[in-house]
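The values are calculated or read from the model by the stated rules, or taken from the named source; none is laboratory data. Note that the structure is a prediction, hence the values are computed from the model and not measured. Please note: Cβ atoms are built from the backbone with ideal geometry, for glycine as well, and neighbour counts cover all protein chains shown. Heavy atoms of the whole protein, side chains included, go into the accessibility calculation; ligands, DNA and RNA do not. Shrake-Rupley method; radii C 1.70, N 1.55, O 1.52, S 1.80 Å.
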Amino acid sequence: MTEQMEDGNLISKTEAFLTFVVLSSWRDTIIVLKTCETLAPWAENTQIVRRCCDSIAWKVSKDCQSTEAVNEEGRWYDELATLCIDHFKRTMTAIKAKGTNPETTGKFIVHYAERHVLVMDTESEGLRGYGYGKSELQFSVISRRDKGSFGNSEERRTIIESIISIIPPQPEAVSCKFLLKMLKMAILYSVSPALVSELEKRIGMMLQEATVHDLLIPSYKNADQSIPASSLDCTMHDIDVVQRILEYFLMHEEQQQQPHKSRKFNVSKLLDNYLAEIARDPNLTITKFQVLAESLPESTRTCDDGLYRAIDIYLKSHPSLSEYDRRRLCKIMNCAKLSLDACNHAAQNDRLPMRTVVQVLFSEQVKMRAAMQGKEQEQEQSGNNSEKEGNQSSTEIETKNLRAELENAKAKMAELQKNYTELQQEYEKLLNNKQRNGSTWSSGWRKIRNSFHAKQEGDEIGDGETRPSPARTCKASFRRRLSMS
């Protein structure tokens, strides 16, 4: 069989067949790996299991982003889910070692768990409902055991522990819903406390994604036998687990450099709804209810309507509570954080103690007064806004009118200036004409006067006779003209 005897012997041919035929094909690699389950010692010694796991991991890391691989994802998940837990765990370890993204690894783990673990939750025994009967719980239990399908409890515990140990630590690898399902199965089959604590921490880091139904973890008296707790000192749901998850959530938020207020707000609403669900349990004590309700700081709740609803359901489900217990229970609630509708309901609630009703009525009056003041302020603001708008519009109109009047005044001023210029020119013309007429008359008068004086002197020199003075002559001539006229 070895090459020492002859070249091309059985070992070399087998090695070539595994390398070039089996390990190059996804389906053939899965078939060989499944066959090795019955040949565990020899397959391990010949390194066939390791080589098959490495081949699968190489194919997944290489082809997980290609279009062809996306189309074959469903087939990949189904074929890997047929492996035994040991081979599947080694394959996932090899896939993570190849640097595959945690989302892809998480999908393989979720698919495998849904096929081998979570189906036990629906087919095996479990808690489905309860009623009241003589102060005791009446549980409805479905028991469908099939050892051929699921094996014994030890095998189931091994599968659950192996799956929990290979879940990637990244928050985006698996959902909070899947982790809570695994936590239920871990509690059901008594998985090691270290793995249960690890699951609780992981859930606390992403508790804001959970729902109330996911947090309803049944409480069993004997997890191996899956017998629900029915004694009076045990509640229907495992409240201690939820308490620890809340503590891990608060620890995680304190470690964050930039905590998100929305996470705490969502968790507070989730806790109030959870309290409303477990409040119907007749075995739930006030102490447990109060401790769980006060697990979150008061600042995380912006409104206590959900907490009031849970308290009201608890009071309705426990009508035999004393006045002291009812006052103690209602101290959890901050009446100042109740909405106006919740205050109206609480003021007419006969189950609440009188002191709480008085506090609710006072808070209701304060809220109504604040609401009225808010409405008045809104009306005043709207009136001021309308006045400002009216003032602005009137100012704009006045400005436009002033501009129009200014333009008219400018036009009239220009027209008056033009008329004044024309009048001044006409006046200058008239003044020039008058000056011309006056100079002509004065020159003519001078000629007449000169001629008159020249004639008078000639008469005196030529005749040597005395003649009347010019004044007398003028007077005589003036009388003569008057008589002629």
Exercise for the section: Output the helices (runs of 4 or more DSSP H) that fall wholly within region 1-83 and possess 3 or more residues being modelled with pLDDT of 80 or more, or say none. Expected result: 26-35, 48-63, 73-80
Handout entry: In region 369-382, residue modelled with the lowest pLDDT [restricted to those that are open to solvent by 90 Å² or more (accessible area, probe 1.4 Å) and closer than 27 Å to ALA346 by Cβ]
Key = GLU376
Problem - Extreme residue, nearest to PRO218 (Cα to Cα), among residues of region 251-279 that are among the acidic types (Asp, Glu) and modelled with pLDDT under 90 - result: GLU253
Handout entry: Pick from region 160-187, criterion within 13 Å of PHE88 (Cβ to Cβ) and polar (S, T, N, Q), ranking: least open to solvent (accessible area, probe 1.4 Å)
Key = SER162
Fill in the blank from the handout: The number of residues in region 251-272 that are within 23 Å of the chain's Cα centre (by Cα), assigned to a helix (DSSP H, G or I) and either surrounded by fewer than 18 Cβ atoms within 10 Å (Cβ to Cβ) or of a type outside the set (A, V, I, L, M, F, W, C) (or both) is 13
Practice task
Could you list, in sequence order, all residues of region 297-313 that are buried (at least 18 other Cβ atoms within 10 Å of the Cβ) and assigned to a loop (DSSP other than H, G, I, E, B)?
Solution key: ARG301, ASP304
Exercise for the section: Could you pull out the residue among ILE286, ILE239 that is under 24 Å from LEU180 (Cβ atoms) and among the β-branched types (Val, Ile, Thr)? Expected result: ILE239
Practice task
Would you check which residues across region 156-196 are farther than 25 Å from SER262 by Cα, touching a residue at least 40 places away in the same chain (Cβ under 8 Å) and small (Gly, Ala, Ser) and list them?
Solution key: SER162, SER165
Practice task
Name the residue, out of GLU407, GLU422, GLU387, that is acidic (Asp, Glu), at pLDDT below 80 and either in a helix (DSSP H, G or I) or open to solvent by 100 Å² or more (accessible area, probe 1.4 Å) (or both).
Solution key: GLU387
